Amino acid sequence: NDSIGEGWFDIVNIHGFGDTPENCMRNAADLLTKTLQKVGATSKDLVRTTVFIDTMENYGGVNRVYCQQFDLNPPVRICVALGPSAFPSGCGLSMNVRGWRGEEDRRCLHVQGISHWAPPNIGPYSQGYLVQDKLHVSGQIGLVPGTMTLHQDLCKELALAYRHVNRVIEALGPANTIKPLHTAICYITDVANTDLVNSFWRGQCVSEPLQIYLVSQLPRMANFEFEVVTNVELNE
């Protein structure tokens with residue numbers, strides 16, 4: 001369907017079954033390929049994937065197969081763990097994907113080396129993907145760029161995660177062309193941090209309301225992960 005505009009599509013609830021994390025990802029990837037074919041698309045049309053896994057202990061196994069599904073500039077990705085009880089028996093993960101079918105140029109940010117301006121990716125995904133007037137940012141956690149370790153202060157970890165979001169937006173969005181956010185989500189692992197996140201968001205003076213979702217685990221055992229889609233004014 002045209003989820004956020006003409007040419008866009010979303011595919012949701014792609015479940016992966018198997019006896020290992022790798023086989024679960026293979027099963028989900030096969031189903032995704034078949035579903036994409038039905039809508040006249042391929043993996044090259046994907047802009048964002050959201051991967052819900054049972055536990056972060058299986059993150060490495062899922063990644064080993066996931067990275068084989070994409071070429072040089074993969075879609076942005078959000079990956080969170082929901083806990084084994086969130087899935088049917090034998091199911092280790094579920095995926096949602098968003099894609100765009102069109103001929104217009106795509107701009108992709110895929111930083112892999114350690115830098116001091118933003119964190120490199122810790123998985124097979126791009127940090128940002130700009131297509132038409134929508135800029136999708138990958139899930140961002142509060143890793144200190146130079147050391148790739150989480151900030152030990154909760155408030156600073158949260159602020160750093162959102163700073164990474166803004167650095168990606170600034171890198172891909174031309175100056176003075178960023179418009180209001182389209183979607184803003186913060187995943188948390190402890191409900192006790194809800195007030196902290198809400199207070200932080202009010203301090204950003206952002207008009208878009210923040211959606212907060214409680215999950216079991218986040219990559220690198222982070223406490224917060226931001227998912228953002230922002231609007232970009234197209235140059236005429």
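Annotations for the structure displayed:
- When the stretch 1-14 is limited to residues that are touching a Phe, Trp or Tyr at 6+ places or on another chain (Cβ under 8 Å) and in contact (Cβ under 8 Å) with a residue 24 or more places away in the chain, the one that is most open to solvent (accessible area, probe 1.4 Å) turns out to be 3.
Rundown of residues vs (1) touching a Phe, Trp or Tyr at 6+ places or on another chain (Cβ under 9 Å); (2) buried (at least 17 other Cβ atoms within 10 Å of the Cβ), yes/no style:
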{"position": "35", "(1), (2)": "no, no"}
{"position": "42", "(1), (2)": "no, no"}
{"position": "51", "(1), (2)": "yes, yes"}
{"position": "57", "(1), (2)": "no, no"}
{"position": "62", "(1), (2)": "no, yes"}
{"position": "65", "(1), (2)": "no, yes"}
{"position": "71", "(1), (2)": "no, no"}
{"position": "76", "(1), (2)": "yes, yes"}
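- Any hit, the stretch 5-22, residues being of a type in the set (A, V, I, L, M), under 21 Å from residue 104 (Cα atoms) and either under 19 Å from the mean Cα position of the chain (by Cα) or not in a strand (DSSP E or B) (or both): no
- Residue 152 falls short of the stated requirement of being more than 24 Å from residue 191 (Cβ to Cβ) and either out of contact with any Lys or Arg (no Cβ under 6 Å at 6 or more places or on another chain) or not β-branched (Val, Ile, Thr) (or both).
- Any hit, the stretch 108-124, residues being touching an Asp or Glu at 6+ places or on another chain (Cβ under 6 Å), modelled with pLDDT under 70, hydroxyl-bearing (Ser, Thr, Tyr) and part of a loop (DSSP other than H, G, I, E, B): no
- Cross-chain or 6+ apart pairs with Cβ under 6 Å, the stretch 191-211 first and closer than 13 Å to residue 162 by Cα, then part of a helix (DSSP H, G or I) and open to solvent by less than 50 Å² (accessible area, probe 1.4 Å): 200/158; 210/201
- Any hit, the stretch 26-41, residues being under 25 Å from residue 216 (Cα atoms), of a type in the set (D, E, K, R), in contact with a Lys or Arg (Cβ under 6 Å, 6 or more places away or on another chain) and at pLDDT 95 or above: no
- Residue count for the stretch 195-218, restricted to those that are modelled with pLDDT of 95 or more, out of contact with any strand residue (DSSP E or B) (no Cβ under 6 Å at 6 or more places or on another chain) and loosely packed, with under 12 Cβ neighbours inside 10 Å: 2.
- Matching option when the condition is open to solvent by less than 50 Å² (accessible area, probe 1.4 Å), over 20 Å from residue 139 (Cα atoms) and aromatic (Phe, Trp, Tyr), among 87, 17: 87
The values are calculated or read from the model by the stated rules, or taken from the named source; none is laboratory data. This structure is a prediction, so every number in the text was calculated from the model and none was measured. FYI the Cβ positions are ideal-geometry reconstructions off the backbone, even for glycines, and counts take in every protein chain you see. With ligands, DNA and RNA removed, areas are computed over all heavy atoms of the protein, side chains included. Shrake-Rupley method; radii C 1.70, N 1.55, O 1.52, S 1.80 Å.
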